[in-house]
Every structure is written in structure tokens, then in C-alpha cells.
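The values are calculated or read from the model by the stated rules, or taken from the named source; none is laboratory data. Given the structure is predicted, the values throughout are model-derived calculations rather than measurements. Cβ sites come from the backbone with ideal geometry, for glycine too, and all protein chains shown count toward neighbours.
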Amino acid sequence: MATGRHRPRRGAPAPRAHWFLLIVVLAAVVGLLGLHAVVLGEFSSDENAPQTTASGVPTEVRTGGSLIDARTGSPDVRRPQDKTLALTFDDGPDPTWTPAILAVLDRYHVKATFFVTGAHAAEYPGLVRDIAAHGHDIGNHTATHVDLRSVGELRTQLELRFTDLAVAGAAGVSPALVRPPYSATPASIDDPAWTSIQRIGADGKIAVLSDTDSEDWQRPGVASIVANATPKDDRGTVLLMHDAGGDRSQTVAALERLIPALQAKGWRLGPVSAAVGLGSAGAPAGFGQRAAGWLLIGAVQASGVVASSLIVLLIVASVLAALRTLVTLITTAVHVRRRRSMRLRAVTAAVTVIVPAYNERAGIEATIRSVLASDHRVVVIVVDDGSTDGTAELVEKYVGRRVRLIRQANAGKAAALNTGIAAAPTELVVLVDGDTVLEPGTVRTLVQHFADPDVGAVSGNAKVGNRRGLLGQWQHIEYVIGFNLDRRFYDVLQCMPTVPGAIGAFRRSAVLRLGGIPVDTLAEDTDLTMAMERAGWRVVYEQEARAWTEAPATLGQLWKQRYRWCYGTLQAVWKHRRAVFERGAAGRLGRRGLPYLLLFQVLLPVLAPLVDAAALFGILTSDALTVCAYWLVFLVLQAIPAVIAFRLDGERLRSLLLLPLQQFVYRQLMYLVVVQSVVTAIAGAQLPWQKLQRTGLAANPAKGGS
């Protein structure tokens, strides 16, 4: 975890822009999910509106035919000619039953009118084209199968326009006929139904009800459907059947009996337009309408992909979270057991503590005093990296036998560390940031591991000192869970990817043989750690070597820090990618540490916000319980290792009360950090160093947790 020392450059990405990007992305996902819910009818009610009086309905409408043209002040009511049956199908198209019905109609050379919903037309545009290509009429059955008697004028217009666009985009026609969902015979028209028919007329369309209901939607059996659909006399009729909305196998079988039987009796079967002498059931759609229809269909298709992908992502995220929980439970148990049985020869050699400092006036004195208070022999080297805030002048007060100050022109943290390592008089060096406060036993517990000659570096336990605010608490949770618990895993599997810049110990000779601290990545601590392991050294974790560091106090500062961390980590992973094919310590890093890091620090953070968006959206849909259950499982799988990590670190569990809120707010920023870092890395752009504003709050850590 490095802290940048260079002055900020212009052109660095602003957190506000990324928050805007996050909002746009999540809004797009939620919008597509909402559109998908519309397609599935999850926002619509299937209950009929209660019937009221019919005092306002013209008599000729209630006693006339089932085709009602209310485009003018005087309604035109028509019915099919005698022994003429208008064959109609509602609720489609359906990928299973519509093609089956089309095949039957083709076999008997019969045309029909298919009243499609806009949602299904946009979902299956190819079927709409097939209906038109077979010579059948296409009618409008609203977008979501809503009862038009129970909605207002605006909703009615939206329902009709949505369907018009879907049909125009799919088949290039604009339907003139509308069948209101849940409509029956003309005699059943009440005042709300008449109002909805008038609105249909005002929109330039003709309402089509039915005279005969096959009741196939009840699936009463093939014989019953045929009996219901057979006219009782020779008067012309509009027959209602369905090609979607459930299992329509009985409908298909009934058509095989009904059509030849009626034809044998001299009945003419055809679409509504031909049966009533209307001439045309629609008109060719203009280019603008077709283009808008294409966009609508594209959006609906995309919504289906997003919804399907989201299910997969929910499963993947849950599996990853469960896997992480299982792995951390196992490795943490192993780590605790090993520590209890670990016996190391005491290391008493003096240690050099190197503190690179660039504009660290706020906290440098607390850092020096805490190092000098160590219960192990230490020498302190402070490398002032061209500070402009008087940092060097403060350090001069401590210069003496145990403290040395080196000044240099601003060259970056890695260069400052290399200067300190070159000047260090001891073999063992501890590297700390200029805002870090050590506990008295930190240096001693760190260096004891060097009794093992195979150990080249030791990671300490970095803890958030300024944790009083909400942002500080969230970072505190992240440090304890995301950093220190993972390091126990890395320690057990001997694949530690990072010794944090805030607190870490190294063999000076090993670092020098590697050419010093790397300067070609932004995460020099991760880069150095990986290089140490590829050189054959073991890197271990010491949880008792606590160091209190100052976390960013604002979202802007946090964004700069984590953006650079993530980008630098990706740089280091790419730089050391050949470790996957190497043996020994390098192979353990490449085949254990790097996959774990990429899975849980890159892939899972990307998936997690989508899980949150799905949970929020699920509350508004019929899948609320299922989706929310997934999210709760996901949260529990994060809470389990969180409790374990806090217990192991001796922290109070009450901070974890903020964990659910952290998932919806703090993690979104981390998500953007990962995405932006990946995009930046792929684009090959260079990310400038960012110096954080220090306040010195880490000088007074809340010992014992909070």
C-alpha cells in the first residue's frame, strides 16, 4: 500500500465524474431490468376491473357487432357477414405455440388476425415477421396486457404506442385494430370499457371485441374448446382463441378439428378485416416508426441479455463469496494453529527503520517518536523527498545518534526508499510511511521471523487510525477483512503478493540484489514483494506487528489512493505474470496468489454492485424474495469471514453493523476503481502519482478497536 510522493498533475480523473459514470451504468442496468420486467408483465395486474354501470354506453354499441370504430363522434359498429367467422388469437407471439398454430392455418389455407402484445412482439420480432409473411393480420393487444378500463389516458397511449413501435420494427406495419385485454362481447361493455374504446378511437384505431369465446385459456379439453368455438347459428362471429399465455396444445388440437368441420358446413374463415369488409387491418409503417421500433426491439433484446446475465452473475458472485468464505475459514484455522506451535530463535540484531517523507509535516513527528519508542534496537533514517511544507525542518529536531535525515530532490517514494536502503547500516530494514505510528513491539515482532534464513520479507498488520467517521469506519472494516484476513491465506499458501508500504520488513541484501525498490510501477510494495518471491524468498505475515496508518478522509482522496493501488497492482501482476510457469516460491505466487488476487480483488468487486442493483430492483418485481434471498446469502457469506477477522484482530464487532450499508455505498466506489483501473491498463495510459492530504489523526489510534 504505497503513498504517492509526486505533486499531482493536471488531467487526473475526478471522482465526481466517476460517480456520474457509476450512476449512469447502474441506471442503465436498472432501466434494462425494468424493461425486462415490463416484457414479463411483472408490473401488470391480471385482475379484471370491476364492472360498473353502462348508462353512458350507446345502445347500438352494446347491441351491435364486435368491431367498434369510435374514431368519430358517431361510432360505427360492424359484425362479420353470415356464415363468416373471424379467427383471432390473443397474447402472442409465443415461440412454441404461434409456429404450431401457423402450421395448422397454412395446412387449411386459412388466414387469421393475431393480436400481439408489444412486450412479446419486441421479445420475438421474428415471429411477428412470420405472422405477416404468412399473410395474416396483426393487431394491437397493448404492451403489457393491462386492463385499459383501469388505467388513464396517458397509460393507454403508452401501451398502444409501445406495441405499434414493436410491430413496426418487426414487420414494418402499423396495426389499425386493437383488442382490449380482458374484453368480452359487446353486451358486456360498461362505462369504463366504453371510455377505453373511445380512447382507442381517439388514437386512430378500431376496437375489436369478440362474439364467441372458445375458452381455450381454461384448457377444458379439446372437445370442449371445439364445442365452445362452434357457432350456434349462421350469424357471423368473431372467435377468440389464444396462441400464448400457457400450454396451448389443446388449442392447436382443437383447430385441427374445428377448421375442417366449419369448412365442411360452408363457413368462410378469415381475418377480422376480411370478415367485416374493412379492407385493411393496418398500413405500412414509415421509416421513422420502423427505426424507433428497431431501437425498442434492440433495447428489449438487451434487457433480456442483462436479466439472463444477472442470474449468472448472481450465481457466480455467490459461488465466489462462498468459496472465499470456505477458503478463509480453512486457512485461518491453519494459520492460528501454526502460530501456536511456532518457535523462533530470538533475533536481536539492530534494525534500520526507513521513513520516506514528502510533505508529511502533519504526522512525521508522531511517526519518529513511535519508532524511537520501540522495544527493539532501531536506527531511523528519514528521507525527505523534496518536501515543501517544512517536513525536513521538523525532522531536524530529532537528528542525532539514532535519527538521520537525508534530503533529496523530489523523485518519488520508490527513489526515496532506495536512498534510505543504500544508507542503512543494518541488514534488516523496516519500511514505514510518513503517516504511520508503530506500537512499541511492532519492530521486534516483525524481525523475529528472520531467524528463518528462507524468509526475505515480513508483512505487518496495517490498521486504520482515523476511524471515527463513517468513511474511516468503512476503511477500518476493509483493512481488517480485505487485507489482513487475506494475508493469513497468503501466508499459509506461501504466496504473499504484497508487503504493505505502511509496515513491512526486508533483508537489505536481498532487496539490493533485486536492484532496489522497483520504480516502473505505481505499487512498488506489491512489485517488490512479488520480485522477492520470484527470487526464491519466503514472505510471511505477522499479525501482531501492528502499525496505525492514516486513511484518506474524503471520497476524493480515497479515490486517488485506491485508483493508484489497483492500477499499480494490475501493473505488478502483468509484470510478474511469468511466475505462473515458474517453480518454487515463484510458482506458488503465480499459481496461488495471483489467481486469488484477481478473483477476489478484481472479479468479485466488479460483480458485487450488480448483486446490489439486482437486490434493489428485485424489491419492485415478482422475484423480490428470490433475488433478495440471493443478496442476503451473499451478505452472510461476507459477514462470516468479517466476524472471524475482527475476532482475530481483537476488534469490537459493533463496527460490522455498518457492513450492509458499506455494500451499497462504499463498495460502489471500489467497483469504479477496479473498472477504471482495468480500462486505464488496457488503454496503456499512464496514471500520475497522487499525494494525499495528511491530518496527523493516525497519531492517536483508538487502541483496542472501536
* To do: From the list Trp574, Trp559, pick out the single residue that is buried (at least 24 other Cβ atoms within 10 Å of the Cβ), touching a residue at least 24 places away in the same chain (Cβ under 8 Å) and either outside the structural domain of Val437 (by TED's automatic domain parsing) or not charged (D, E, K, R) (or both).
  => Trp559
* Looking at (1) modelled with pLDDT under 95; (2) touching a helix residue (DSSP H, G or I) at 6+ places or on another chain (Cβ under 6 Å); (3) of a type in the set (Val, Ile, Thr), find the lone condition where Thr185 falls short. => (2)
* Asked: Of all residues in region 174-216, which are among the acidic types (Asp, Glu) and free of Cβ contacts under 8 Å to residues at least 60 places away in the same chain?
  -> Asp203, Asp213, Glu215, Asp216
* Options Leu320, Leu295, Leu314; residue that is under 24 Å from Pro641 (Cα atoms), part of a helix (DSSP H, G or I) and at pLDDT 75 or above -> Leu320
* **Of all residues in region 481-510 being among the β-branched types (Val, Ile, Thr) and surrounded by fewer than 24 Cβ atoms within 10 Å (Cβ to Cβ), the one that is farthest from Phe600 (Cα to Cα)** => Val492
* To do: Kindly indicate whether any position in region 370-379 is within 23 Å of Gln543 (Cα to Cα), among the small types (Gly, Ala, Ser) and surrounded by 18 or more Cβ atoms within 10 Å (Cβ to Cβ).
  => yes
* To do: Can you confirm whether region 152-164 contains a residue that is among the acidic types (Asp, Glu) and at pLDDT 95 or above?
  => yes
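Condition check ((1) more than 20 Å from Arg248 (Cβ to Cβ); (2) in contact with a strand residue (DSSP E or B) (Cβ under 8 Å, 6 or more places away or on another chain)) across all residues:
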{"site": "Asp94", "(1), (2)": "no, no"}
{"site": "Asp130", "(1), (2)": "no, no"}
{"site": "Asp147", "(1), (2)": "yes, no"}
{"site": "Thr163", "(1), (2)": "yes, yes"}
* Structure fact -> If we take region 351-421, then strands (runs of 3 or more DSSP E) inside it with 2 or more residues that are in the same structural domain as Ile517 (by TED's automatic domain parsing) and touching a residue at least 60 places away in the same chain (Cβ under 8 Å) are 351-357, 378-385
* **Selection count, region 232-248, where residues are over 18 Å from Lys111 (Cβ atoms) and either free of Cβ contacts under 8 Å to residues at least 12 places away in the same chain or of a type in the set (Asp, Glu) (or both)** => 4
* Structure fact -> If we ask which residues in region 97-121 are in contact (Cβ under 8 Å) with a residue 40 or more places away in the chain and over 16 Å from His141 (Cα atoms), their number turns out to be 8
* Tally, over region 296-315, of residues that are among the polar types (S, T, N, Q) and more than 15 Å from the chain's Cα centre (by Cα) -> 1
* Tell me which residues, restricted to region 243-273, are among the small types (Gly, Ala, Ser) and under 51 Å from the mean Cα position of the chain (by Cα). => Ala244, Gly245, Gly246, Ser249, Ala253, Ala254, Gly270, Ser273
* To do: Could you please find all residues in region 108-166 being among the acidic types (Asp, Glu), buried (at least 18 other Cβ atoms within 10 Å of the Cβ) and over 30 Å from Ala264 (Cα atoms)?
  => Glu123, Asp147, Glu159, Asp164
* Residue selected from region 178-188 under the condition in contact with a Leu (Cβ under 8 Å, 6 or more places away or on another chain) and part of a loop (DSSP other than H, G, I, E, B), by the criterion farthest from His141 (Cα to Cα) -> Thr185
* All but one of (1) crowded, with 21+ Cβ neighbours inside 10 Å; (2) part of a helix (DSSP H, G or I); (3) among the hydrophobic types (A, V, I, L, M, F, W, C); (4) out of contact with any helix residue (DSSP H, G or I) (no Cβ under 8 Å at 6 or more places or on another chain) hold for Ile225, so report the exception by its number. => (4)
* Asked: So which of Leu258, Leu295 is hydrophobic (A, V, I, L, M, F, W, C), surrounded by fewer than 19 Cβ atoms within 10 Å (Cβ to Cβ) and at negative phi?
  -> Leu295
* Asked: Which condition number in (1) touching a His at 6+ places or on another chain (Cβ under 9 Å); (2) modelled with pLDDT of 95 or more is the one that Ala168 fails?
  -> (1)
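Check Asp91, Asp76 and return the single one that is among the charged types (D, E, K, R), buried (at least 22 other Cβ atoms within 10 Å of the Cβ) and modelled with pLDDT of 90 or more.
Numbers: Asp76 fails: buried (at least 22 other Cβ atoms within 10 Å of the Cβ).
Of the residues listed, the single one that is among the charged types (D, E, K, R), buried (at least 22 other Cβ atoms within 10 Å of the Cβ) and modelled with pLDDT of 90 or more is Asp91.
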* Going by the structure shown, is Val77 touching a residue at least 24 places away in the same chain (Cβ under 8 Å), more than 42 Å from the chain's Cα centre (by Cα) and under 21 Å from His134 (Cα atoms)? -> no
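Only one of Pro284, Pro260 is modelled with pLDDT of 95 or more and not charged (D, E, K, R); which?
Pro260
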* Of all residues in region 228-268, how many are in a helix (DSSP H, G or I) and among the charged types (D, E, K, R)? -> 2
* Only one residue in Ser174, Ser210 is in the same structural domain as Leu148 (by TED's automatic domain parsing) and not in a loop (DSSP other than H, G, I, E, B), so which one is that? -> Ser174
* Somewhere in region 367-390, is a residue among the acidic types (Asp, Glu), out of contact with any helix residue (DSSP H, G or I) (no Cβ under 7 Å at 6 or more places or on another chain) and at negative phi? -> yes
* Look through Gly270, Gly282, Gly277 and report the one residue that is touching a Pro at 6+ places or on another chain (Cβ under 7 Å) and either touching a residue at least 60 places away in the same chain (Cβ under 8 Å) or surrounded by 15 or more Cβ atoms within 10 Å (Cβ to Cβ) (or both). => Gly282
* To do: Please give the number of the condition Ala229 fails out of (1) touching a Leu at 6+ places or on another chain (Cβ under 6 Å); (2) more than 25 Å from Val276 (Cα to Cα); (3) without any contact (Cβ under 8 Å) to a residue 40 or more places away in the chain.
  => (2)
